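These notes are about the structure you will find just below.
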Amino acid sequence: MTLATGTTRLAVVQDEPSPAMSGGPADPILVVDHLTMRFGGLTAVGDLSFKVGRGDITALIGPNGAGKTTVFNCITGFYKPTEGMIRLRQQGGETYLLERLPGHDVNRLAGVARTFQNIRLFPQMTVLENLLVAMHKPLMRASGFSLAGILGLPGYRRAQAEAIAKAAAWIERIGLTHRADEPAGDLPYGDQRRLEIARAMCTDPVLLCLDEPAAGLNPRESADLNTLLRMIRDEYGTSVLLIEHDMSVVMQISDRIVVLDYGIKIADGTPDEIRNDTRVIAAYLGVDDDEVAAVEAEVGLAGTSAGTSAGTSA
Amino acid sequence: MATGSTIGAVAPTVGRRSGAAFAEMLKDSALFALVTLGLGIPVVAYRTDLGQGTGLELTGRWGLVAALCLAMFVLRLGQRLLLGEVGRRREAHRLATLDAVPVVARAGRVLGPLTLAVALTLPLLATFGAGGLSEGRYWIDLGILILTYVMLGWGLNIVVGLAGLLDLGYVAFYAVGAYSYALLSTVFGLSFWICLPLAGLFAAAFGVLLGFPVLRLRGDYLAIVTLAFGEIIRLVLINWVDFSGGAAGISSIPRASFFGIPFTAGEGGFAGTFGLTFSPMHRIIFLYYLILALALITNLVTLRMRRLPLGRAWEALREDEIACRSLGIDTTMTKLTAFALGAMFAGFAGSFFAVRQGFVSPESFNFLESAIILAIVVLGGMGSQIGVAVAAIVMVGAPELLRNLTFLKAVFGEGFDPNEYRLLLFGLAMVCMMVWRPRGLISERTPSVRLGNRAA
């Protein structure tokens, strides 16, 4: 039954003229074009196209198993997509096809940083060291690929002092100055989440991909996270793409939301549009499209518009 | 400092609680006294004596019962107080050890220079201790042996301790270094000082060669492939007779010279040039300082590398490879550099081994050597330089010590050879380590850099 509705949705999307190009932000930093990822017979992501606007916070949402993390892994070079193109255009006009870059170059050259659903810090290394590892590229160059560093030349010492200053600024920003020299693995969960974001930011990314940054946070920490993400967008001009289940985060800070279900895009728009989209509600509540109106009434969602769109989709 | 506040928080509760606890102790002791009374009444209170006639005469001993009850009360109270004190001490000790990490670090800080001082003055100590240059030879030879393993341990520590790549075939690079010197010097007549860097380079090249195919492997799989690589090198050395002399090995390898001055008697020799009386010990002492210098270079480079981005990337790689990749670190290159650098130091050590022995054969590079070097690294505490040095002293020095325990013959009989129980004792030591210090002798990791902002 659900599978059938899935295919209907696909048909609806394909009926529109050139879905990847229509609508969306005018100056996208990232264009995902007809992305398909198959694992054997399973299509985790099917013909997905969306854009991430420059300087926007874009949220990728969807029920469990919708293929969000798969999309992330494709964008950040951990998976090679079966089909499709992922184009990143930097401010200066350099364009990278992310699906063709080797894993580490997605960060090193294209400037895409990410965090992980299960936090992946370097647990035995200190908070400061975690951030310094993220500045590998500039420090490596300054240390003459270790040769100048072994000899203790002043150029490297200067670069390291700068890197430490930058790391210290980030540590201050996430409120961990008093624990900077402690192993990262000893920090509480919320601090680890923030540290992982700070570490990703230390690579000077143009696009920051966050995989469920609010998972496991309490409401207060979620609010702090909102502030941090807004700050990243406004002060650094870094575009943010995030996967999130916590709607209080998604609805408050997103400039744009893309909704996935069964690996297929079912909606794409501003938070207000998404909030009233019947297909999204159906996907989240797990009901058929024609039952949406009834369920909406039940949960107290007003909706003349929702009612009509439910009618068209059915 | 967190512990300090914990103690602070605990202390008042202890004070408040002690009154109630004492009352509880009194009650408990009273209960004991009551039980004594209950037992005392039928057993102690009346003594039965044979009277004049056939009847028994009862003598009341209530005073004794009272004394017993009182004694029991006091004893119990004393016991409780004592136990409480012991428990409190133990608790305080536990809390103190939580705070004792700086103490361990301080001990490490003292241990390092102390070991270094002993290492630097060992020839002197041995000469005066044994009462003569030649008599001290045993100790200096032992020092050379230990330092060789210290150097190998430090080299392997880069691969296993820092980069977290389990290498069971490290001895292969040691062999490459040894055969490099042996062949270059016997075939081309190159001097030791030219061969030393070449041997390092060859070993590093072999490290890269091994690194490439195994880059995708991790953990157990990597260990198996490196183990096989070690065996391949050994079997090639045995079977390629034209190249390596086969199982017979290569003998009469030229000895090291003092930067061109040979250690020979007569004109132009080391003793002659410096106006000393000739002694074969000069060469031994020179070799000792040579391996000490090589080991210290290994240590210095490793310590420096830890503070460089590449060294931090090694450690990060050990912690989480996927996170490394997401931060733009080329994991392939990072692993290869770790393999190459570790192998290079093994190559140096190998060429030292060849120049010291004057003879190399595949026998010297079997799996047991790899296992011992790895055991040194693991026992020392992965990534800890001083730990590795201590472990090398224990692992290599202890069997020598065992050889000298002749008094055991008096206990176990004439046929007893303590050295035969070497591996048994190793096994026992390993088990003890796994129980008490599962992360090695020195398991605390020193951060490579500090923000220095220690205020809470």
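What 222 nm value per residue comes from the helices of the protein assembly as shown, counting each DSSP H run with n ≥ 4 as -39,500 (n - 2.57) and dividing by all residues, nearest 500 deg cm²/dmol?
Estimated from H runs of four or more residues: -19500 deg cm²/dmol.
Which of rounded, prolate, oblate describes region B:208-353, given a ≥ b ≥ c as roots of the alpha-carbon gyration tensor eigenvalues and a/c under 1.5 marking rounded, otherwise prolate only if a/b is larger than b/c?
Working: a/c = 4.21, a/b = 1.72, b/c = 2.45.
It is oblate, given that a/c is not under 1.5 and a/b is not larger than b/c.
Of the options B:S244, B:L152, B:F173, report the single residue whose Cα projects farthest towards the positive end of the charge dipole of chain B (beta-carbon charges: Lys, Arg +1; Asp, Glu -1).
Among B:S244, B:L152, B:F173, the one farthest towards the positive end of the dipole of chain B is B:L152.
At most 15 other Cβ atoms within 10 Å plus a DSSP loop assignment makes a site exposed; report the longest stretch of chain B without any exposed GluC sites (Glu not before Pro).
By the stated rule (loop sites, at most 15 other Cβ atoms within 10 Å), B:268-413.
For region A:78-121, state which GluC sites (Glu not before Pro) are in a DSSP loop and have at most 13 other beta carbons lying within 10 Å of their beta carbon.
Sites meeting the loop and neighbour criteria: A:E94.
If you rank A:V240, B:V214, A:V133, B:V411 by fewest surrounding Cβ atoms within 10 Å, what's the result?
B:V411, B:V214, A:V240, A:V133
Specify the angular offset, from 0 to 90 degrees and rounded to the nearest 10, of the alpha carbon long axis of helix B:171-187 from the longest principal axis of the alpha carbons in chain B.
Compared with the principal axis, the helix lies near 30 degrees.
Note the direction-averaged projected area, equal to a quarter of the hull surface, for the Cα convex hull of the protein assembly as shown, in nm².
Result: 57.4 nm².
May I ask you to derive the relative contact order of chain B, considering only C-alpha pairs under 8 Å and at least 6 residues apart, and to give it as an integer percent?
So the answer I get is 21 percent.
Using the C-alpha atoms of region B:107-436, what convex hull volume per residue, in cubic angstrom, is computed?
Dividing the Cα hull volume of region B:107-436 by its residue count gives 168 Å³.
Using unit Cβ charges (K, R positive; D, E negative) and no other charged atoms, how large, in debye to the nearest 20, is the dipole of region B:252-396 about its Cα centre?
Values: 10 positive and 8 negative charges, 54 e Å.
The calculation lands at about 260 debye.
Restricting to Cα atoms and excluding each atom paired with itself, what does the Kirkwood estimate give for region A:112-204 in Å? Write out the running numbers ahead of the final one.
Numbers: mean 1/r = 0.0739 Å⁻¹.
Value: 13.5 Å, from the Cα pair sum.
How many angstrom separate the Cα center of region A:207-277 from the Cα center of region B:308-367?
After rounding, the separation between the Cα centres reads 43 Å.
What FRET efficiency do you get for B:N366 and B:R304 if R0 is 30 Å and r is their Cβ-Cβ distance, rounded to the nearest 0.05? Don't skip to the end; give the middle numbers.
Numbers: r = 33 Å, r/R0 = 1.10.
It comes out at approximately 0.35.
Find the centroid of the Cα atoms in region A:124-193 and in region B:254-286, then give the distance between the two in whole Å.
50 Å
Under 5 Å between amide hydrogens, which residues at least 5 positions from A:A267 or on another chain qualify, with H placed 1.01 Å from N in the peptide plane?
Those qualifying (amide H under 5 Å, at least 5 residues apart or on another chain) are A:V259.
For a test of understanding, tell me how many lysine pairs in the protein assembly as shown have Cα atoms under 28 Å apart, given they are 8 or more places apart or on different chains.
11
Quote the charge dipole size of region B:107-436 about the Cα centre in Debye, to the nearest 20; the model charges only the Cβ of Lys and Arg (+1) and of Asp and Glu (-1).
Dipole about the Cα centre, nearest 20: 660 debye.
I'd like to know which of A:S49, B:G219, A:L241 lies farthest towards the positive end of the charge dipole of the protein assembly as shown, counting +1 on Cβ of Lys and Arg and -1 on Cβ of Asp and Glu.
It is B:G219, whose Cα lies furthest towards the positive end.
What dipole magnitude, in Debye to the nearest 20, does the protein assembly as shown give about its Cα centre under +1 on Lys/Arg Cβ and -1 on Asp/Glu Cβ?
2720 debye
No value in this document is a laboratory result; all are computed from the given coordinates. Since the model is a prediction, treat every value here as computed from it, not as a measurement. FYI the Cβ positions are ideal-geometry reconstructions off the backbone, even for glycines, and counts take in every protein chain you see.
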